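Trainee: Below is a structure I'd like to ask you about.
The values are calculated or read from the model by the stated rules, or taken from the named source; none is laboratory data. Just so it is clear, the structure is predicted and the values come from calculations on it, not from any experiment. As a convention, Cβ positions derive from the backbone with ideal geometry for all residues, glycine included, and neighbour counts pool all protein chains shown. To get the accessible areas, we keep the full protein, side chains included, count just its heavy atoms, and leave off ligands, DNA and RNA. Shrake-Rupley method; radii C 1.70, N 1.55, O 1.52, S 1.80 Å.
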Amino acid sequence: MRSTVLVPCDPSGPHTRGVTEKQPPVPPAADGGRVYDAVVLAGGGARRLGGTDKPGVPVGGRALLDRVLAACADARRTVVVAEPRGTVRPVLWTREDPPGGGPLAALDAGLRHSTADQVVVLSADLPFLGGRTVGRLLDTLRTSGAEGAQLTDAEGREQPLVAAYRAAALRRGLAALTEERGGLDGLPLRLLTAGLDLTRVPDPVAAFDCDTWDDIAIARARIREHGHVLDEWISAVKDELGIELDVDKGVLLDLARDAAHNVARPAAPLTTFLVGYAAAQAANGGPEAVAEAARKAAALALRWSDEDTKAPGEPDAAPDIRPDAG
């Protein structure tokens, strides 16, 4: 079966930095040498969404596909099996042949562009998947000795498209099915996973996928809950601005509170903006620069407020010496 790397004809659309015919830069291995490739299956007809382009549906201001790509951002290579589109980071695009051949054909097409021993296989409709869960799958795969580690949902059902696999086991299974069935077109994924030695990782939140508009509504409501909204907003802003900076949001929130309480309410957003600008101008420009700029601004806000407290011997009010006084 042939797979083809596709490049869009018009590179002028939004976020075209995510569309490339070259292999994206290989990031350093994370977590002490964990090296893996990611294969994201983003095709399909989305029949229960009325044929809507499901990977492009926004949840929390970010397309579902972009949310999944953020979760596997430390992959050595990310292959997306779908028609090319704008994404928040560079990926390698490919398609199964013929297009629409089903998940097994798509997985086979993606694996043809992967060389890592471990492969994370993901669908493009996982609004709550994060990097920690991807790491947990890989760690479980490595320590268990199994051929794959799959998430299970709230009902205990296995999710083969939220999983980490040993690439050699996938290739053996795909080759055997191709020989037995004469091809992979239209075959269900369970024919492959049923023959693998798998271990299971329960995570009902990360395993939640969006198959219907009700699922989309649930996802959109959850990320706006009080306990999630700030993290979701920060992640969306970082994606939109193309930055990878990780900062302690507590430091910035404390600074905003100090500026609002000790100076004036409009001082809060203006001060946090100036702190960000100062950090960007610093030599390293990393989280430490943000923390240091925030520390200085918070101390200034406290000094500003302290001037409202009289020192010993200070008169009740300073004389009005303005030029136009009296």
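Trainee: Amide H to amide H under 5 Å from T78: which residues, 5+ apart in sequence or cross-chain, H placed 1.01 Å off N in plane?
Mentor: Excluding prolines and chain starts, which carry no amide H, the hits are A38, L92.
Trainee: Any idea what the relative contact order of region 150-224 is, in percent, if you count C-alpha pairs under 8 Å spaced at least 6 apart?
Mentor: 41 percent
Trainee: Give a quick list of GluC sites (Glu not before Pro) in region 184-265 that DSSP marks as loop, anything other than H, G, I, E or B, with at most 11 other Cβ atoms within 10 Å.
Mentor: Answer in residue order: E225, E244.
Trainee: Count charges around D153 for me, please; just the other residues with Cβ under 10 Å from its Cβ, Lys/Arg as +1, Asp/Glu as -1. Walk me through the intermediate numbers first.
Mentor: Working: positive: R157; negative: E155, E158, D203, D209.
Net charge around D153: -3.
Trainee: Assign unit charges at the C-beta atoms only (+1 for Lys and Arg, -1 for Asp and Glu), then state the dipole size of region 212-274 relative to its Cα centre in Debye, rounded to the nearest 20.
Mentor: Values: 7 positive and 12 negative charges, 70 e Å.
Using only the charged Cβ atoms, the result is roughly 340 debye.
Trainee: Could you look at region 100-245 and say what percent of its accessible area is carbon and sulfur, using a 1.4 Å probe and all protein chains? Walk me through the numbers before you get to the answer.
Mentor: On the way: 3670 of 7060 Å².
Accessible surface attributable to carbon and sulfur in region 100-245 totals 52 percent.
Trainee: Also, I was wondering about something else. Order the following by accessible area, largest value first: D53, D37. Probe radius 1.4 Å; ligands, DNA and RNA are ignored. Mind dumping the intermediate values first?
Mentor: Values: D53 80, D37 0 Å².
Listed by decreasing accessible area, they come as D53, D37.
Trainee: So for region 237-306, taking the charge dipole from beta-carbon charges (+1 Lys/Arg, -1 Asp/Glu), which of N262, A299, G250 sits furthest toward the positive end?
Mentor: N262
Trainee: As a test question: what accessible area, to the nearest 10 Å², does S144 have when a 1.4 Å probe is rolled over all protein chains in place?
Mentor: Probe radius 1.4 Å; accessible area of S144 about 60 Å².
Trainee: State, as an integer percentage, the relative contact order of region 30-165 based on alpha-carbon contacts under 8 Å between residues 6 or more apart.
Mentor: Relative contact order here is 28 percent.
Trainee: What percent does the relative contact order of region 93-222 come to when contacts are Cα pairs within less than 8 Å and at least six residues apart?
Mentor: On the way: 193 pairs, mean separation 44.3, N = 130.
Relative contact order for region 93-222 comes out at 34 percent.
Trainee: Report, by chain and number, residues whose modeled amide H sits under 5 Å from the one on V59, excluding near sequence neighbours (fewer than 5 apart, same chain).
Mentor: When sequence neighbours closer than 5 places are left aside, the close amide H contacts are L64.
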